[in-house]
Amino acid sequence: MITSLLVSIGIISLISVFLAILMVIADATIGNYGIVKISVNDKTKEFEVEGGQSLLRALNQEGVFIPSACGGRGSCGLCKVQVIEGAGEYLPTELPWISEEEKKQNIRLSCQVKAKTDMAIVIPEELFYVKEYSTVVESIKDLTHDIKEVRLLLKDPPSITTKAGQYIQFEVPEYGDLDESVYRAYSMASPPGDSTHVELEIRLVPNGICTTYVHEVLKEGDPVTINGPYGDFFLRETENNIIFIAGGSGMAPIKSILLDMEQRGIQRKATYFFGARSKRDLFLLDKMRELEEKMPNFKFVPALSEPLEEDNWEGEVGLITDVVRRMVEEAPSSEAYLCGSPGMIDACIKVLHELKVPEENIFYDKF
């Protein structure tokens with residue numbers, strides 16, 4: 001009996017070793033896809049890349065930057081491209097982000113599709129104008145206990161053309177346990193009028209790759225690589241009343257838009273609802289009050305959801321959605337600009353629908 005058991009164990013061990021060897025061989029041969037050719041927009045651009053990597057990374061290496069807020073983890077759904085040929089079957093990680101209509105158009109998540117064979121893809125023409133920028137950290141300031149303002153001076157190219165409210169991608173280099181660089185998306189807080197700087201407001205997220213790097217590693221004088229600009233979150237040229245809603249570091253694009261409005265002399269009626277938990281989560285109050293003085297049709301409404309006794313808070317109290325619900329007037333003739341967590345944005349959209357703000361007048365970048 002013991003002899004039979006030992007023989008069985010030996011056979012299982014040999015099979016396991018054999019399978020392990022097969023996996024190594026497969027990884028070295030089947031997984032070696034060689035050089036793959038990628039054709040973009042009916043051969044407007046063509047290049048050859050090392051096979052086996054994600055389409056997103058392959059494009060980035062060739063200077064074609066596809067927006068990706070999550071850095072290629074398949075959790076934001078932004079890096080969509082149309083793949084005419086060479087993508088293979090849809091992966092389970094893509095399906096939550098792809099509608100039935102998009103399937104018919106062969107829309108794929110470029111971070112999940114591997115460049116294994118020659119590919120033909122289609123991307124929006126404006127992405128050809130996205131550039132990579134070498135910058136240096138000019139200053140880092142604490143705005144709150146968990147939000148830092150990072151001001152970057154552009155070096156090469158020395159200036160950037162943006163629309164207020166757009167975002168860039170910040171390259172995080174290898175550090176700690178991170179064995180390859182990754183990108184994260186951040187809205188710009190600086191106005192387009194300052195084309196030589198990019199200002200970011202970055203909130204610390206526990207175990208966040210980029211936020212940990214910025215809060216614990218990044219120093220003034222360090223080089224930083226960014227690319228952009230991206231996004232359709234910018235002020236529309238209408239005469240509608242404006243509803244701004246943000247929380248936390250969602251202040252960044254709203255600040256950019258407001259500074260741009262002030263510099264361009266735009267006098268549209270605008271109300272900015274800013275939600276925070278307690279007083280220590282509020283920041284740039286002086287700047288907002290200054291803008292109120294310069295822009296007679298602008299009103300800033302901060303609200304605390306959980307004010308502390310020591311806050312001595314006399315302003316609005318409650319969830320920012322409740323404050324919006326009870327204070328917004330003339331909603332059907334307004335347009336709304338939202339920035340915050342996906343959950344906050346969804347809640348705000350629901351309230352704006354209740355108030356009859358037209359769907360086409362609600363703008364946001366959800367990342």
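Okay, residues lined up against (1) free of Cβ contacts under 8 Å to residues at least 24 places away in the same chain; (2) over 19 Å from Pro342 (Cα atoms); (3) assigned by TED's automatic domain parsing to the domain that holds Gly343; (4) assigned to a helix (DSSP H, G or I):
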site: Gly221; (1), (2), (3), (4): no, yes, no, no
site: Ile245; (1), (2), (3), (4): no, no, yes, no
site: Gly250; (1), (2), (3), (4): no, no, yes, yes
site: Gly275; (1), (2), (3), (4): no, no, yes, no
site: Phe283; (1), (2), (3), (4): no, yes, yes, no
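Residues in the range 32-58 that are among the hydrophobic types (A, V, I, L, M, F, W, C) and free of Cβ contacts under 8 Å to residues at least 60 places away in the same chain were compared, and the one that is surrounded by the most Cβ atoms within 10 Å (Cβ to Cβ) is Leu56.
Checking the conditions here, which among Val324, Val301 is within 30 Å of Val205 (Cα to Cα) and assigned to a strand (DSSP E or B)? Working first, answer last.
Details: Val324 fails: assigned to a strand (DSSP E or B).
None of the other options fit; the residue is Val301.
Filter the range 235-270 for residues that are over 17 Å from Met344 (Cβ atoms) and β-branched (Val, Ile, Thr) and give the result. Thr238, Ile242, Ile257, Ile266, listed by residue number.
From the list Ser195, Ser181, Ser256, Ser190, the lone residue that is modelled with pLDDT of 95 or more, in contact with a Pro (Cβ under 6 Å, 6 or more places away or on another chain) and not aliphatic (A, V, I, L, M) is Ser256.
When Leu284, Leu355, Leu258, Leu291 are checked against the criterion of being farther than 24 Å from Ala164 by Cα and in contact with a helix residue (DSSP H, G or I) (Cβ under 7 Å, 6 or more places away or on another chain), a single residue qualifies: Leu355.
Only residues that are of a type in the set (Ser, Thr, Tyr) and in contact with a Lys or Arg (Cβ under 9 Å, 6 or more places away or on another chain): list them for the range 257-280, please.
Going through the range 257-280, the residues of a type in the set (Ser, Thr, Tyr) turn out to be 271-272, 278.
Thr271, Tyr272, listed by residue number.
The values are calculated or read from the model by the stated rules, or taken from the named source; none is laboratory data. Keep in mind the model is a prediction, meaning the values are calculated, not measured. Virtual Cβ from ideal backbone geometry, glycine too; neighbours counted across all protein chains shown.
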